[in-house]
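Note sheet for the following structure.
The values are calculated or read from the model by the stated rules, or taken from the named source; none is laboratory data. Just so it is clear, the model here is predicted, and its values are computed rather than measured. Backbone-built Cβ (ideal geometry, glycine too); neighbour counts: all protein chains shown. Ligands, DNA and RNA are stripped out before the accessible areas are found, and what is left, the full protein with its side chains, is counted by its heavy atoms. Shrake-Rupley method; radii C 1.70, N 1.55, O 1.52, S 1.80 Å.
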Amino acid sequence: MMIDVHTHTFPEKIAAAAVDKLQKGSHTHPFTDGTQGMLKQSMEKAGIDASLVLPVATSARQVPHVNDASIRMNEQAMETGVWSLGCMHPDYADWRKELGRLSASGVKGVKLHPPYQEVDFDDARYLRILDRCGELGLIVLTHAGLDVGLPGHTESTPEKIARAVKAVGPVKLILAHMGGWRNWDQAEKLLPDTGVYLDTSFSLGPMTPNGDGFYQTKADLDRLTEAAFVRLVRVFGADRVLFGTDSPWEDQAAEVQKIQALPLTAEEKTAILGGNAQRLLGLNADESPYLKKTPG
């Protein structure tokens, strides 16, 4: 069973505008139109059983409305195979109550994005969220490292993440982009002993440009080589790595093939592509509606 723990969708009425804005900012090529319907088509092509949507609150006022939509998405996940984390913004006043509401609603965790939210990950406002999520058993999945669409932002470097983890109680923390996008050397040095998980999204092989001429050299497009990616898997342990694509910014089918082609054992590939996510999220095909195929 394959699970993609890092995808993004947008409401149909704004999807085209949102994807257009983001691809212009990042100068990278989208592989879907950003709608849930096209994500489902992508999943079917890739053989992916379930995808996790990661909503981001870019302002505090968005939090309850985005979370309402996440709860509704999960109510339909038996039919769609697409489910969602909640969101939280560090400036949201009723953060404690809202996290409790998400937990009571069965949402598995929250997505944080320090560069978009313009707050350092080791800021006290994030630390209180991490602590409360740990108490509630909620997972936190955060953007880690630099951001292709926000050059110069350093709010979620491995150094700041390491300080935050040291300052809070136990929490299930997933770092997107293999621990720190284009901060991979720092991630390898500072984070293996923290107990964090990594997702594989937007990290392996070169980026795909959108054709506007912004990227001038091969080096501009470089991310992790196969050898460097496998080294990170070995350093952190394959049991702490979760498959993610960052769809629509990567082709899910191509990303599955990249993992399958790596010099890892069959057991390691199975764990990365779905087994670890099933265990961490507390989901299984017999008990969770999210992972049950629709008959016929």
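Can you tell me which of Thr58, Thr28 is open to solvent by 40 Å² or more (accessible area, probe 1.4 Å) and hydroxyl-bearing (Ser, Thr, Tyr)? Before you say what the answer is, go through the steps one by one.
Details: Thr28 fails: open to solvent by 40 Å² or more (accessible area, probe 1.4 Å).
Step by step, each of Thr58, Thr28 is checked, and only Thr58 is open to solvent by 40 Å² or more (accessible area, probe 1.4 Å) and hydroxyl-bearing (Ser, Thr, Tyr).
Keeping to the stretch 199-235, report how many residues are open to solvent by less than 60 Å² (accessible area, probe 1.4 Å) and assigned to a loop (DSSP other than H, G, I, E, B).
Number satisfying all stated conditions: 12.
On the basis of being under 27 Å from Gly275 (Cα atoms) and buried (at least 18 other Cβ atoms within 10 Å of the Cβ), does Pro192 make the cut?
Working: under 27 Å from Gly275 (Cα atoms): yes; buried (at least 18 other Cβ atoms within 10 Å of the Cβ): no.
No: the conditions fail for Pro192.
In this structure, is Thr142 among the β-branched types (Val, Ile, Thr) and open to solvent by 40 Å² or more (accessible area, probe 1.4 Å)?
Values: among the β-branched types (Val, Ile, Thr): yes; open to solvent by 40 Å² or more (accessible area, probe 1.4 Å): no.
No; evaluated as a whole, the condition is false for this residue.
Of all residues in the stretch 179-189, which are open to solvent by less than 10 Å² (accessible area, probe 1.4 Å), of a type outside the set (A, V, I, L, M) and in a helix (DSSP H, G or I)? Steps first, please.
Going residue by residue through the stretch 179-189, those that are open to solvent by less than 10 Å² (accessible area, probe 1.4 Å) are 179-180, 187.
After this cut, where a residue has to be of a type outside the set (A, V, I, L, M) as well, the list is 179-180.
Matches in the stretch 179-189: Gly179 only.
Any residue in the stretch 206-217 that is at negative phi sitting within a Cβ distance under 9 Å of a residue that is aromatic (Phe, Trp, Tyr)? List the pairs, counting only those 6 or more apart or interchain.
Met207/Tyr215; Met207/Trp249; Thr208/Phe31; Thr208/Trp249; Pro209/Tyr215
Going through the stretch 116-146 one residue at a time, which ones are within 20 Å of Leu191 (Cβ to Cβ) and in contact (Cβ under 8 Å) with a residue 60 or more places away in the chain?
Across the stretch 116-146, the qualifying residues are Ile139, Leu141.
Being part of a loop (DSSP other than H, G, I, E, B) and farther than 11 Å from Phe10 by Cβ is the filter; apply it to the stretch 31-49 and report the residue that is least open to solvent (accessible area, probe 1.4 Å).
First, pick out the residues of the stretch 31-49 that are part of a loop (DSSP other than H, G, I, E, B): 31-35, 47-49.
Now drop any that are not farther than 11 Å from Phe10 by Cβ, which leaves 31, 47-49.
Numbers: Phe31: 71, Gly47: 39, Ile48: 7, Asp49: 33 Å².
Out of the qualifying residues, it is Ile48.
Do we find a residue being without any contact (Cβ under 8 Å) to a residue 24 or more places away in the chain, assigned to a helix (DSSP H, G or I) and either out of contact with any Gly (no Cβ under 7 Å at 6 or more places or on another chain) or of a type outside the set (Ser, Thr, Tyr) (or both) anywhere in the stretch 76-92?
Within the stretch 76-92 (the criterion being without any contact (Cβ under 8 Å) to a residue 24 or more places away in the chain, assigned to a helix (DSSP H, G or I) and either out of contact with any Gly (no Cβ under 7 Å at 6 or more places or on another chain) or of a type outside the set (Ser, Thr, Tyr) (or both)), the answer is no, since none of the residues qualifies.
Can you give me the number of residues within the stretch 78-101 that are within 18 Å of the chain's Cα centre (by Cα) and aliphatic (A, V, I, L, M)?
3
How about the stretch 1-22: which of its residues are assigned to a helix (DSSP H, G or I) and open to solvent by 30 Å² or more (accessible area, probe 1.4 Å)? Full working, then the answer.
The first filter runs over the stretch 1-22 and keeps only residues assigned to a helix (DSSP H, G or I), leaving 12-22.
Residues satisfying the conditions are Glu12, Lys13, Ile14, Ala16, Ala17, Asp20, Lys21, Leu22.
Would you mind finding the one in Leu136, Leu130, Leu150 that is closer than 21 Å to Gly244 by Cβ, open to solvent by 30 Å² or more (accessible area, probe 1.4 Å), over 15 Å from the mean Cα position of the chain (by Cα) and not charged (D, E, K, R)? Explain how you work it out, then say what you get.
Numbers: Leu136 fails: closer than 21 Å to Gly244 by Cβ; Leu130 fails: open to solvent by 30 Å² or more (accessible area, probe 1.4 Å).
Criteria check complete, one pass: Leu150.
So, in the stretch 106-136, exactly how many residues are of a type in the set (Asp, Glu) and not in a helix (DSSP H, G or I)? If you could, list the steps in order and put the result at the bottom.
Of the stretch 106-136, the ones of a type in the set (Asp, Glu) are 118, 120, 122-123, 131, 135.
Pick out the ones that are also not in a helix (DSSP H, G or I) and you get 118, 120, 122-123.
Total meeting the criteria: 4.
Since Pro192 meets every condition but one in (1) out of contact with any Phe, Trp or Tyr (no Cβ under 8 Å at 6 or more places or on another chain); (2) over 28 Å from Asp49 (Cα atoms), which condition does it not meet?
(1)
For Pro170, indicate whether it is farther than 18 Å from Glu250 by Cα and either assigned to a loop (DSSP other than H, G, I, E, B) or open to solvent by less than 50 Å² (accessible area, probe 1.4 Å) (or both).
yes
Restricting the stretch 165-203 to residues that are over 28 Å from Ser247 (Cα atoms) and among the small types (Gly, Ala, Ser), which is modelled with the lowest pLDDT?
Per the criteria, the residue is Gly169.
Which of (1) free of Cβ contacts under 8 Å to residues at least 60 places away in the same chain; (2) of a type in the set (Gly, Ala, Ser); (3) open to solvent by less than 40 Å² (accessible area, probe 1.4 Å) does Ala176 not meet, given it meets every other one?
The failed condition is (1).
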